[in-house]
Amino acid sequence: MLSEPATTLRGLAISGVGLTKQFETQDGTNLALQPTDFSIEPGEFVSVVGPSGCGKSTLMLMIAGLLEPSAGQVLVDGKPLTEPLTDVGIVFQDDLLLDFRTSRDNILLQGKIRGLDKQEQLRRTDELMAQLGIEKAKNRYPNQLSGGMRQRVSIARALVHDPSVLLMDEPFGALDALTRTQMRIDLEALWRERPKTVLFITHSVEEAVGLADRVIVMGPSPGRIVKEMKIDLPRPRPVQVGDEAAFAEYSAEIYAIFKQLGVLHD
Ligand SMILES: Nc1ncnc2c1ncn2[C@@H]1O[C@H](COP(=O)(O)OP(=O)(O)O)[C@@H](O)[C@H]1O
Ligand SMILES: [Mg+2]
């Protein structure tokens, strides 16, 4: 049985209709994403897993309204997206922190740009830093932090204005295995506390299954969705979620797809 989140469900519905992207390059046209349909429910946690170059980042940038589709469209709560999404937090693999601001000031920048109430943003920044275990890093500059701590700062920056949508593009890609595991646990806790629609891109099958309500599996070029899989594992998910029989079945199914597509072989 899935336990209900403490607060009422929120987040935006996001869907793609015939969403397509092709890039013109010196070598001709590169079809990065074939016409693609998908739909993500408000408050749903969706992972996208696929091999390098299959169009994951392209898909996310179009959902963020930062890259124009070649055809088709993104719908947000049923309305066509025609400009960058604003009710959103974004985390990339590279933390993109400003080296001349303390970690706390990096997080506060989000609310400053948006013109949000300073006191409330200060309170929320300190709360998030405590929840993410980085309160001691408050007055330190990014180059004085470990990779895991820097990425925690960038997650706090993406959440401090409590957006309805969180987009993450391989956010844990550069971190060691233990740090990644703790990040998965902490991210799930933050999402359960303040529900929002999450699109989490990864090339790790285990991370995709461990985090998501649903996994979208993408196949190699030209990029396309090859499978969508509902993940029925109870929450909160434990550190050793991989020990659960259902987890192993979901992972095996995804690995089988990648073998069939020639992405992996024995
Ligand atoms: N700005 C761009 N110009 C030309 N080709 C691009 C551009 N961005 C991405 N591509 C190509 O589109 C395909 C998908 O890229 P990307 O979305 O970054 O894949 P992924 O994130 O899954 O690794 C790749 O073939 C990549 O080379
Ligand atoms: Mg990418």
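The values are calculated or read from the model by the stated rules, or taken from the named source; none is laboratory data. Computed from a prediction, not measured in an experiment: that's the story for all the values here. A quick note on method: Cβ atoms are made from the backbone with ideal geometry, for glycine too, and the neighbour counts reach across all protein chains shown. These area figures cover heavy atoms from the full protein model, side chains too; ligands, DNA and RNA do not enter into them. Shrake-Rupley method; radii C 1.70, N 1.55, O 1.52, S 1.80 Å.
Mean sequence separation of contacting Cα pairs (under 8 Å, at least six apart), scaled by the length of the range 1-139, corresponds to a relative contact order of 21 percent. Please report the net charge: other residues with Cβ closer than 13 Å to the Cβ of Pro142, K and R +1, D and E -1. Summing Lys and Arg as +1 and Asp and Glu as -1 gives +3.
When the chain is treated as a GNM with alpha-carbon contacts under 10 Å, the residue of Asp176, Asp94, Asp27 showing the greatest mean-square fluctuation is Asp27.
The value of relative contact order for the chain, using C-alpha pairs under 8 Å at least six residues apart, is 27 percent. For the chain, the convex hull drawn through the C-alpha positions has a volume of 146 cubic angstrom per residue.
Beyond 22 Å in Cα-Cα separation lie the following of the pairs Lys21/Lys79; Lys56/Lys259; Lys79/Lys227; Lys136/Lys196; Lys196/Lys230; Lys79/Lys196: Lys79/Lys227; Lys136/Lys196.
Between the helical axis of 103-114 and the dominant principal axis of the chain, each derived from Cα atoms, what acute angle in degrees is found, rounded to the nearest 10? So the helix axis and the longest Cα principal axis differ by about 80 degrees. Backbone amide hydrogens, once placed in the peptide plane, bring Glu44 within less than 5 Å of Val198, excluding anything fewer than 5 places away on its chain. Over the chain, with a Gaussian network built from C-alpha contacts below 10 Å, which listed residue (Val160, Val215, Val241) shows the highest mean-square fluctuation? Among Val160, Val215, Val241, the largest GNM mean-square fluctuation belongs to Val241.
Relative to the longest principal axis of the Cα atoms of the chain, helix 118-131 runs at roughly 70 degrees. With the simple spin-label model, which puts each label point 7 Å out from Cα in the Cβ direction, the Asp94 to Tyr141 separation comes to 1.9 nm. Rolling a 1.4 Å probe over the protein heavy atoms of the range 40-178, with every protein chain left in place, gives an accessible area that is 51 percent carbon and sulfur.
Largest GNM mean-square fluctuation among Gly111, Gly89, Gly219, using the chain with Cα springs under 10 Å: Gly111.
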